[in-house]
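S.K.: Below is the structure I would like to discuss, written out as structure tokens.
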Amino acid sequence: MEPKNAVSPQFQHLMERARNTFWEYLGCEIVEATADKVVVRLVAQQHHLNLIGIVHGGVTSSMLDNAMGVVLMLARPDDKIVTTNLNVQFVAPMQPGELFVTAEIVHQSRKMLTAVGRVTDAEGRLGTFGTGTFRVI
């Protein structure tokens, strides 16, 4: 699926670098990308579930971290950015199927960045949200 409003050439370079990484292994796919917002899709399958049959919290946490990281890397293509803190709130169980995470930039300084993200199901029901603090290394 070709993302809407993709930021190029930074976007294309980032997607090439994502091949054979945890991003691809998890099953993340960008469906929308702008200079300040990213929407990522993942189809949660059996291997994404925990022992009680709902999407594992590590999956939605990883979705948040990935999406927030991507929006920041698109905004700062010349910088190497790493997560320093990830705060995740689980508000409802997520079922197998399409999940979407929307990530947006909240704040940027020379070395520190902050982003927010929300994970919803295909009907728009919120399951997980979080904030991330990132550092330019």
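The values are calculated or read from the model by the stated rules, or taken from the named source; none is laboratory data. What you see is a predicted model, and the numbers here were worked out from it, not measured in a lab. Cβ coordinates were reconstructed from backbone atoms using ideal geometry, including for glycine residues, and neighbour counts include every protein chain displayed.
S.K.: Going by the structure shown, is GLY117 surrounded by 15 or more Cβ atoms within 10 Å (Cβ to Cβ), within 16 Å of the chain's Cα centre (by Cα) and at pLDDT below 95? Give the derivation first.
M.R.: Working: surrounded by 15 or more Cβ atoms within 10 Å (Cβ to Cβ): yes; within 16 Å of the chain's Cα centre (by Cα): yes; at pLDDT below 95: no.
Spelling it out, it is not the case that GLY117 is surrounded by 15 or more Cβ atoms within 10 Å (Cβ to Cβ), within 16 Å of the chain's Cα centre (by Cα) and at pLDDT below 95.
Every residue, every condition in (1) small (Gly, Ala, Ser); (2) under 26 Å from ALA75 (Cα atoms), yes or no:
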| position | (1), (2) |
| --- | --- |
| PHE90 | no, no |
| GLY97 | yes, no |
| ILE105 | no, yes |
| THR114 | no, yes |
| ALA122 | yes, no |
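S.K.: Kindly indicate whether MET94 is more than 18 Å from GLU24 (Cβ to Cβ), surrounded by fewer than 18 Cβ atoms within 10 Å (Cβ to Cβ) and in contact (Cβ under 8 Å) with a residue 24 or more places away in the chain.
M.R.: Spelling it out, it is not the case that MET94 is more than 18 Å from GLU24 (Cβ to Cβ), surrounded by fewer than 18 Cβ atoms within 10 Å (Cβ to Cβ) and in contact (Cβ under 8 Å) with a residue 24 or more places away in the chain.
S.K.: One residue is enough: does region 27-47 have a residue meeting the conditions within 26 Å of ARG135 (Cβ to Cβ), modelled with pLDDT of 95 or more and in contact with a Leu (Cβ under 6 Å, 6 or more places away or on another chain)?
M.R.: Looking through region 27-47, at least one residue is within 26 Å of ARG135 (Cβ to Cβ), modelled with pLDDT of 95 or more and in contact with a Leu (Cβ under 6 Å, 6 or more places away or on another chain).
S.K.: Collect the residues in region 120-137 that are under 16 Å from the mean Cα position of the chain (by Cα), within 29 Å of GLN46 (Cα to Cα) and either crowded, with 18+ Cβ neighbours inside 10 Å or of a type in the set (D, E, K, R) (or both), keeping them in residue-number order.
M.R.: Passing the criteria: THR120, ASP121, GLY127, THR128, PHE129, GLY130, GLY132.
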